[in-house]
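Computed from the coordinates by the stated procedures, all read-outs in this text should not be read as laboratory data. The structure presented is a predicted model; accordingly, all values stated were derived computationally and were not measured. Every residue, glycine as well, gets a Cβ built from its backbone with ideal geometry; the counts of neighbours run over all protein chains shown.
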Amino acid sequence: MVLTRPGWPLDTGARRSHLESGNLYQLLTYLRNRQATKPHGAQHEGILLYPQVDEPLSAEVRLEGFRVQARAVDLGPPWKSIHRGLLEILDLPSPSSVHG
């Protein structure tokens, strides 16, 4: 499950990097509900995606047994580069590497 939300993960006013706890709790709620309705199969995990503002963001934590990641995506490059980057986050092969 990938949950995207417009907003900024970094507190640029204080120049400290941190994730908004509300975003994490919202994602955790989705993961709990998904686990309750589909308990069998692959382990559920979530990713918060943010547009990259200044510095790259890459964080991973375990919350109640769920793997939760937060990543910033640079939206400046051509869309094919952004697409490849998103597939890398999901640990999926890009279409060009699958087809030759």
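A compact table of results
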| item | result |
| --- | --- |
| Highest-first arrangement of 60-71, 33-44, where packing means the average Cβ count within 10 Å | 60-71, 33-44 |
| Long-range HN-HN contacts of residue 63 with modeled amide H, under 5 Å | 68 |
| Residue-wise HN-Hα coupling along region 37-52, computed from phi with Karplus coefficients 6.51, -1.76, 1.60 (Hz; x: Gly, Pro) | 8, 9, x, 9, x, 5, 5, 6, 8, x, 9, 9, 10, 10, x, 6 |
| Amide H partners (placed H, <5 Å) of residue 57, local residues excluded | 72 |
| Residues residue 54 and residue 26, FRET efficiency given R0 of 35 Å [Cβ-Cβ distance, rounded to 0.05] | 0.90 |
| Local electrostatic count, residue 85, Cβ distance below 11 Å [Lys/Arg +1, Asp/Glu -1] | +1 |
| Placed amide H near residue 48: partners under 5 Å, 5+ positions off or other chain | 69, 70, 71 |
